[in-house]
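Asker: Structure in structure tokens, see below.
Throughout, read-outs are computed from the coordinates displayed, never taken from laboratory work. What you see is a predicted model; the values in this text were computed from it and never measured. Ideal geometry is used to build each Cβ from the backbone, glycine not excepted, and the neighbour counts take in all protein chains shown.
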Amino acid sequence: MAKLVIRALQGNATSLNLSSKKMYEVPTSVSRLKNVTVLLLNNNLITTLPVELLSLRHLSELNLGNNALKEIPAVLGHLGSLRKLHLYRNQITTVSPEVIGGWPNLILLNLNHNQIKRLPPEIQSLSKLEHLSVMDNTLEELPVELGHLTKLTEMNLNFNMLSWLPQQLYNCKALAKLHVARNRLTALPEGIRSLSKLRVLDVAGNELSMFPVEFHLLELQELYCEGNCFVSCEPLVSQQPAEVLALKELVARFVLLEDRNKCSLVHRALPCYPPSLTSMLEDSGRCALCLGPFLFTWLESVHFIHLKKDMKMRRSLTVPVRVLLCSYKCFNRHGHSYYAVAPI
Ligand SMILES: [Zn+2]
């Protein structure tokens, strides 16, 4: 090992490959390689890192994959020049906020095959991150701060224990590939259409019953969704009596409708009301048939989308997509292909 380091020193090397050397420790002489930008330490038995690594001021890529680290060594949190960091196949259980805050230039973080239960909110400081991979860990939830990673193009969270995803994920507008297969998701958050750059979505092996509203408007190229609990299309005749809406809902609908008219008294008066009212109204929906607004009461229905015909994808597969209607009156109208979902 020392020989390799010396050779690298003599050659004024910018990269050093110490992978698969059965190393337990990183030789401290590494610190003398001031010009090293790429350091490969993967496939060893490393449990800690020497503080001398701090002298590698130009280190841009570090591979510590397949070692025996139980945590992310604190010294890494001071390597601000890092752009790519591989920590896959270790025994890491936590990601400390202090360490993660020290990588302002990171574009790739690979934490696959560890035992990480949660990611800290400080992940938002990785503002340049493009690739995040935390596959095969024990993640139960994601921090809402993930939504700050607006440069993120690819995220792989396959094989975890996620039962829900934060809606803020849809703020990651650059996301092109999202892998959340083999988790415990029962639904994807509403608003997925914001991910206008999404091309690959892998949700296979979850517990989804349908896709969120406007899912079919995404320009997907690949969709993997086998092994879910999608509602099946077995039409039953159903004629529902018109319901009587609660006064609160009726008022809300009136206000929402009036608010669409920029000249109306309601539209002009709303800003004078407490912000809590406006934020409540922001949660309103729009009937897929009459386009009328609703706030607290809607009718959940489903339509079946053919991936090839309706989304111009290669697969010949039909998937259920959620549709919200304002009333049974709309549902009972003829000429649409929306189905109410019958309880099993
Ligand atoms: Zn309607």
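Asker: For a quick check: with amide H placed at 1.01 Å from N, whose amide H comes under 5 Å from I305's, ignoring anything fewer than 5 positions away on the same chain?
Answerer: Answer set, sorted by chain and number: V319, V321.
Asker: Specify the angular offset, from 0 to 90 degrees and rounded to the nearest 10, of the alpha carbon long axis of helix 247-259 from the longest principal axis of the alpha carbons in the chain.
Answerer: Approximately 80 degrees, to the nearest 10.
Asker: Give the shape of the stretch 299-340 as rounded, prolate or oblate, defined through the alpha-carbon gyration tensor: a ≥ b ≥ c are the square roots of its eigenvalues, a/c under 1.5 means rounded, and otherwise the shape is prolate if a/b is larger than b/c and oblate if not.
Answerer: Working: a/c = 3.76, a/b = 2.57, b/c = 1.46.
Taking the square roots of the gyration eigenvalues as a ≥ b ≥ c, the stretch 299-340 is prolate.
Asker: To continue, here is another question. Using Cα springs under 10 Å in a Gaussian network model of the chain, which residue among L250, L62, L152 shows the largest mean-square fluctuation?
Answerer: L250
Asker: I would also like to ask the following. For the stretch 268-288 and the stretch 139-159, what is the separation of their C-alpha centers, rounded to whole Å?
Answerer: Spelled out, the Cα-based centre of one part sits 29 Å from the other.
Asker: What 222 nm value per residue comes from the helices of the chain, counting each DSSP H run with n ≥ 4 as -39,500 (n - 2.57) and dividing by all residues, nearest 500 deg cm²/dmol? Please list the in-between numbers first.
Answerer: On the way: 7 runs with 47 residues, N = 344.
That calculation yields -3500 deg cm²/dmol at 222 nm.
Asker: Okay, moving on. Just M135, M23, M161 to compare: in a GNM of the chain, with alpha carbon springs under 10 Å, which one fluctuates most?
Answerer: Judging by the Gaussian network model, the answer is M23.
Asker: Step through the residues of the stretch 298-303 one at a time and calculate ³J(HN,Hα) from phi using the Karplus curve (6.51 cos²θ - 1.76 cosθ + 1.60, θ = phi - 60°), rounding each to whole Hz and writing x for Gly and Pro.
Answerer: 8, 10, 7, 10, 9, 10
Asker: Now, a different point. Quick one: 3J(HN,Hα) in Hz for the stretch 21-30, Karplus 6.51/-1.76/1.60 with θ = phi - 60°, rounded, Gly and Pro as x.
Answerer: 10, 6, 7, 8, 10, 8, x, 5, 5, 3
Asker: When Lys and Arg each count +1 and Asp and Glu each count -1, what net charge do the other residues less than 11 Å away from S316, Cβ to Cβ, add up to? Working shown, then result.
Answerer: Values: positive: K308, K309, R314, R315; negative: none.
Around S316, the charge tally is +4.
Asker: Sticking with this one: With the chain treated as a Gaussian network of Cα nodes joined by springs under 10 Å, which of S276, S96, S194 yields the largest mean-square fluctuation?
Answerer: Most flexible of the set in this elastic network: S276.
Asker: Separate question: How about the stretch 239-344: which chymotrypsin sites (Phe, Trp or Tyr not before Pro) there are in a DSSP loop, with at most 15 other Cβ atoms within 10 Å of their Cβ?
Answerer: Working: sites: F254, F294, F296, W298, F304, Y328, F331, Y338, Y339; in loops: F296, W298, Y338.
Answer by residue number: F296.
Asker: 5 Å is the cut-off here: which amide hydrogens, built 1.01 Å from N in the peptide plane, fall below it relative to L195, excluding neighbours closer than 5 in sequence?
Answerer: Residues meeting the amide H criterion: none.
Asker: Apply the Karplus parameterisation 6.51 cos²θ - 1.76 cosθ + 1.60, with θ equal to phi minus 60°, to every residue of the stretch 132-147 and state each ³J(HN,Hα) to the nearest whole Hz, in sequence, with x for glycine and proline.
Answerer: 10, 10, 10, 5, 6, 10, 10, 4, 9, 8, 10, x, 5, 5, 4, x
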